[in-house]
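The values are calculated or read from the model by the stated rules, or taken from the named source; none is laboratory data. None of these values were measured; they are calculated from a predicted model. Glycine gets a Cβ as well: all are built from the backbone with ideal geometry, and neighbour counts include every protein chain shown. What goes into the accessible areas is simple: the full protein's heavy atoms, side chains included, and nothing from ligands, DNA or RNA. Shrake-Rupley method; radii C 1.70, N 1.55, O 1.52, S 1.80 Å.
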Amino acid sequence: MRVVLGVAGGIAAYKACSLLRLLTEAGHDVTVVPTGAALKFVGAPTWAALSGKPVSTDVWSSVHEVPHVRLGQEADLVIVAPATADLLARAATGQADDLLTNVLLTARCPVVMAPAMHTEMWDHPATQANVSTLTERGVHIVPPASGRLTGKDTGPGRLPEPEDLYAVCERELARSAAASRAVASADSAARTTTSADAAGGVPGHRRGDLSGRRVVVSAGGTREPLDPVRYLGNRSSGKQGHALAVAAAERGARVTLVTSAAADLPGIDVVPVETALQMREAILQAAAHSDVVVMAAAVADFRPANYVPSKIKKTHEAHVDGSADDSAPTITLVRNPDILAELVQTRGGSATPVIVGFAAETGDDNGSVLHHARSKLERKGCDVLVVNEVGEGKTFGSDDNTVTVLQRGSDESVEVGPATKAAVSDAVWDVVATLL
Ligand code: CTP
């Protein structure tokens with residue numbers, strides 16, 4: 001894929017060398033476009049040697065090739081790392097006074113910017129206003145990391161590690177490739193109204209709308225061990241939770257995914273867990289610094305009261321005379337903590353984090369799926385409840401889902417699907433975004 005790596009004039013420019021390395025080693029065709037100030041930190045020969053391409057900062061080199069237009073038009077991805085306060089300001093006001101700002105004006109591909117600067121500059125209302133403007137226009141802003149800055153001071157402003165930026169690039173490239181395939185695919189139009197989103201493209205109004213937000217998503221069914229080889233579990237595959245995590249990351253959030261299902265999701269902080277108790281600990285820890293928590297996991301309500309450290313045998317010597325006992329063991333269960341309820345309780349009267357629950361309902365003689373869901377929403381006290389009807393052949397392990405999204409204090413409901421779990425995720429984030 002064709003990538004333009006823009007580098008603005010900040011000390012973190014040296015980290016862009018490693019990012020360039022990762023991109024070229026992955027087989028991408030990378031053109032580096034530094035600003036004049038960037039060359040004071042890392043010289044043109046370094047960029048040229050690492051990218052294998054000539055490097056220029058202004059629009060006056062190789063004019064016959066019209067690089068100020070061509071580079072942006074032909075790129076599959078533009079990433080600016082580091083993006084300084086000055087670069088953000090010039091990009092937000094649409095200036096075109098060097099090659100990089102020209103590329104930004106002509107690019108129609110995904111644009112990622114990773115700001116890096118001193119905390120005071122990052123916090124300044126002017127910088128924040130520029131970031132908001134760029135975000136609204138669809139630029140994916142990767143928020144700066146916190147830590148040691150150039151001098152002795154610490155705070156938010158560090159350029160994230162090259163591996164993390166590389167992961168963001170790969171995700172954006174994968175999305176735009178999927179979006180192009182979706183456009184080319186004749187039958188994509190025949191699918192549900194939201195399937196175009198699910199197929200890969202984040203529509204402009206959504207791109208970056210979760211930028212700077214910290215999101216925690218739980219996924220999968222917990223496994224409650226009985227002995228070293230057996231557990232009590234459920235049929236949840238984790239697919240919906242993983243789709244929610246990916247959708248949030250694609251909309252710009254920093255995502256922690258606490259999951260019992262295996263996941264290798266670049267750019268997402270994955271915390272693997274198995275039991276409800278492990279999940280509770282990981283979620284409460286991550287939730288303390290988050291804007292949104294989505295409990296998509298199927299947490300076991302009960303666990304065996306006692307874990308038997310060696311395998312439970314079918315027959316065991318139980319009698320004083322040494323004769324075998326063939327009777328089936330009785331398993332005593334104890335209740336697991338209700339993580340969702342605990343999140344609501346810990347939050348107290350505060351509006352953050354926004355808490356989203358899931359309800360798997362079957363409906364019964366006492367009421368319909370929606371009846372049970374509305375009373376669960378009130379009982380649990382979360383802000384949003386995503387309801388799906390489960391049962392034979394429905395939802396578990398499938399790539400599609402049909403849900404109703406309910407909001408506390410509102411009679412309105414949003415029905416989604418049947419649609420892919422990616423499309424369902426975007427519909428859930430659409431509702432959550434209005435609460436942030
Ligand atoms: N949940 C949780 N901790 C538990 C059980 C459930 O955090 N111990 C969360 C789930 O992740 C989900 C929501 O609570 O977001 C609803 O789960 P569900 O199993 O439908 O609700 P329960 O309260 O267990 O009610 P039910 O009696 O219907 O099983």
Put LYS421, LYS40 in order of accessible area, largest first, 1.4 Å probe: what do you get?
LYS40, LYS421
Hey, got the dipole for the range 2-176? About the Cα centre, +1 on K and R Cβ, -1 on D and E Cβ, debye to the nearest 20?
100
Among ALA13, THR57, ALA75, whose Cα projects farthest towards the positive end of the dipole of the range 1-83, with charges put on the beta-carbon of Lys, Arg (+1) and Asp, Glu (-1)?
ALA13
Looking at the square roots a ≥ b ≥ c of the eigenvalues of the Cα gyration tensor of the range 296-374, which shape do they give, rounded for a/c under 1.5, prolate if a/b is larger than b/c, or oblate?
prolate
Counting heavy atoms of the protein chains only and a 1.4 Å probe, report the per residue accessible area for the range 2-176 as a whole number of Å².
42
Cα long-axis angle, helix 239-250 against the chain (0 to 90 degrees, to the nearest 10)
20
Reported to the nearest 10 Å², HIS289 has, with a 1.4 Å probe, an accessible area equal to 130
Cα convex hull of the range 2-176 - mean projected area over all directions, nm²:
9.0
Let me have the 222 nm mean residue ellipticity of the chain computed from DSSP H runs of 4+ only, each contributing -39500 (n - 2.57), with the sum over all residues rounded to the nearest 500.
-10500 deg cm²/dmol
Distance in nm between pseudo-label sites at ALA341 and ARG235 (7 Å out along the Cβ direction from Cα)
2.6
Relative to the longest principal axis of the chain, what angle (0 to 90°, nearest 10) does the C-alpha long axis of helix 162-184 take?
90
Which Cα, out of GLY155, SER375, VAL334, lies furthest along the positive dipole direction of the chain (beta carbon charges, K/R +1, D/E -1)?
GLY155
For ALA26 and LEU284 in the same chain, what is the full-extension length gain: residue separation times 0.36 nm, less their Cα-Cα distance, in nm?
89.2 nm
Report the Stokes-Einstein translational diffusion coefficient (µm² s⁻¹, integer) for the range 265-312, Rh taken as the Kirkwood radius over Cα pairs, at 37 °C with viscosity 0.692 mPa s.
250
The relative contact order of the chain, taking Cα pairs under 8 Å that sit 6 or more residues apart, comes to a percentage of 11
Assign unit charges at the C-beta atoms only (+1 for Lys and Arg, -1 for Asp and Glu), then state the dipole size of the chain relative to its Cα centre in Debye, rounded to the nearest 20.
640
DSSP bridge pairs, the range 2-176: antiparallel proportion in percent, nearest 5:
20
Pairs LYS239/LYS313; LYS40/LYS152; LYS376/LYS421; LYS239/LYS314: which are spaced more than 26 Å apart, C-alpha to C-alpha?
LYS239/LYS313; LYS239/LYS314
Averaging over all projection directions, find the projected area of the Cα convex hull of the chain and quote it in nm² with one decimal place.
27.5
Considering Cα pairs under 8 angstrom that are at least six residues apart, work out the relative contact order of the range 1-108 and quote it in whole percent.
36
Contour excess over end-to-end distance, with Cα ends at THR119 and GLN95 and 0.36 nm allotted per residue:
6.2 nm
Work out which GluC sites (Glu not before Pro) in the chain are exposed loop sites (DSSP not H, G, I, E or B, at most 10 other Cβ within 10 Å) and give the longest gap free of them.
1-391
Degrees, to the nearest 10: 125-136 long Cα axis against longest axis of the chain:
70
